[in-house]
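Enquirer: Here it is, the structure in full.
The values are calculated or read from the model by the stated rules, or taken from the named source; none is laboratory data. The model shown is predicted, which means the values in this text are computed figures rather than measured ones. Virtual Cβ from ideal backbone geometry, glycine too; neighbours counted across all protein chains shown. Accessible surface areas use protein heavy atoms only, side chains included; no ligands, DNA or RNA. Shrake-Rupley method; radii C 1.70, N 1.55, O 1.52, S 1.80 Å.
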Amino acid sequence: MTNPAFPDSQHPITWPEGFSAAASFTFDVDAESCILAHDPASSRRMSLMSHQSYGPRVAVPRLLQILDRQGIKGTFFVPGFTAETYPDTVRAIVDGGHEIGHHGYLHEQMQGIDAATEARYLDRGLDALEKVAGIRPVGFRAPWWELNWHTPQLLADRGFLYDSSLLDGDAPYRFAVAEGDSRDIVEIPVDWALDDWEQYAFYPGVTGSGVIESPAKVLEMWTLEAQAHHQQGSCFVLTNHPFISGRPSKAVALEQLIERVRSLDGMWVTTLEEIARHTAETVTEVHRHGRVEIAGFPDAGVSMRAASKSGAASALVGGRQ
């Protein structure tokens with residue numbers, strides 16, 4: 001790239017000494033859960049279930065070999081159902097020194113659910129991960145990246161350090177979990193252009209357009225994204241699903257991408273947990289998200305509470321004192 005990228009001015013951050021940008025390779029180990037949450041009757045479809053089970057059974061071992069060969073650690077977001085169904089796979093991730101994050105229990109549809117229901121999903125997922133892997137995750141990624149306005153407060157109640165579900169930045173930041181609540185958590189933003197689902201996902205009658213992109217095209221696109229994040233000093237976060245990007249040619253392209261990202265001078269390649277801890281320790285501004293209120297539209301009109309930020313360095317992070 002010949003022209004420098006412009007930094008994210010809303011979320012300024014400095015990286016540890018010796019690093020000028022950050023990158024993390026993350027994996028959503030959905031397996032059958034995302035399909036079953038959408039349509040429980042899909043359990044009768046043997047071929048469809050085999051398509052999803054490829055992830056934990058075949059792809060995760062391959063991906064772990066790639067990460068080991070490249071000498072990096074990844075973040076794996078695991079639904080509780082996946083942990084209970086494939087405990088050996090989850091333990092292998094932990095044994096490899098990688099981070100486990102929370103990703104719901106059954107990859108539930110999150111949009112519009114009430115806080116009590118969502119709390120049950122969170123707790124059931126936490127219980128499953130603790131029972132199977134002996135860990136209590138500090139990171140959360142909402143199924144389908146779909147947070148509700150009450151979700152951050154539920155996360156803080158349970159001691160989460162960070163979330164990675166919002167799409168409003170190029171760099172991590174801290175944000176207040178609710179109006180009138182002194183606590184905050186770290187957000188590590190994501191981007192649909194950096195999700196393999198949009199490039200490769202296809203199953204007849206379930207998802208996708210029927211166009212499965214060439215890994216060469218995807219490698220080029222993601223390389224350009226990584227280079228831009230590197231130039232502007234921000235945070236490149238790639239989201240992969242093992243049943244998609246763990247397939248042979250896609251896995252080869254992914255390893256080539258990892259090699260390219262690692263070769264960028266000053267690029268810190270690490271887990272989301274490490275990035276979140278650095279953010280919590282060094283960023284002092286706390287953001288409050290803007291929110292649109294529509295009451296009786298169109299007669300009552302629409303109001304907007306503007307986004308804001310403050311230098312509240314003493315705010316609590318993830319409910320921790």
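Enquirer: What's the total number of residues in the range 32-88 that are within 16 Å of Gly104 (Cβ to Cβ) and among the basic types (Lys, Arg)?
Expert: Within the range 32-88, residues that are within 16 Å of Gly104 (Cβ to Cβ) and among the basic types (Lys, Arg) number 0.
Enquirer: Go through (1) under 15 Å from the mean Cα position of the chain (by Cα); (2) surrounded by 20 or more Cβ atoms within 10 Å (Cβ to Cβ); (3) in a loop (DSSP other than H, G, I, E, B) and name the single condition Asp168 misses.
Expert: That leaves (2) as the condition not met.
Enquirer: Now, a different point. For the range 139-165, which positions are touching a Gly at 6+ places or on another chain (Cβ under 9 Å), open to solvent by less than 20 Å² (accessible area, probe 1.4 Å) and either outside any loop (DSSP other than H, G, I, E, B) or basic (Lys, Arg) (or both)?
Expert: Selection gives Gly139, Phe140, Arg141, Pro143, Leu155, Ala156, Tyr162, Asp163.
Enquirer: Let me ask something else about it. All but one of (1) open to solvent by less than 10 Å² (accessible area, probe 1.4 Å); (2) part of a loop (DSSP other than H, G, I, E, B); (3) among the basic types (Lys, Arg) hold for Arg174; which doesn't?
Expert: (2)
Enquirer: When you go through Thr82, Thr26, Thr14 one by one, which is the residue that is without any contact (Cβ under 8 Å) to a residue 60 or more places away in the chain and of a type in the set (Val, Ile, Thr)?
Expert: Of the residues listed, the single one that is without any contact (Cβ under 8 Å) to a residue 60 or more places away in the chain and of a type in the set (Val, Ile, Thr) is Thr82.
Enquirer: Here is a follow-up. Check the range 91-103 and report whether any residue there is at pLDDT 95 or above, farther than 30 Å from Arg262 by Cβ and either among the hydrophobic types (A, V, I, L, M, F, W, C) or open to solvent by 20 Å² or more (accessible area, probe 1.4 Å) (or both).
Expert: Taking every residue of the range 91-103 in turn, none turns out to be at pLDDT 95 or above, farther than 30 Å from Arg262 by Cβ and either among the hydrophobic types (A, V, I, L, M, F, W, C) or open to solvent by 20 Å² or more (accessible area, probe 1.4 Å) (or both).
Each row is one residue, and each column tells you yes or no for (1) within 22 Å of Met267 (Cβ to Cβ); (2) open to solvent by less than 60 Å² (accessible area, probe 1.4 Å); (3) outside any strand (DSSP E or B).
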residue: Gly180; (1), (2), (3): no, no, yes
residue: Val190; (1), (2), (3): yes, yes, yes
residue: Ala193; (1), (2), (3): yes, yes, yes
residue: Glu198; (1), (2), (3): no, no, yes
residue: Ile212; (1), (2), (3): no, no, yes
residue: Glu220; (1), (2), (3): yes, no, yes
residue: Gln231; (1), (2), (3): yes, no, yes
residue: Phe236; (1), (2), (3): yes, yes, no
residue: Ala253; (1), (2), (3): yes, yes, yes
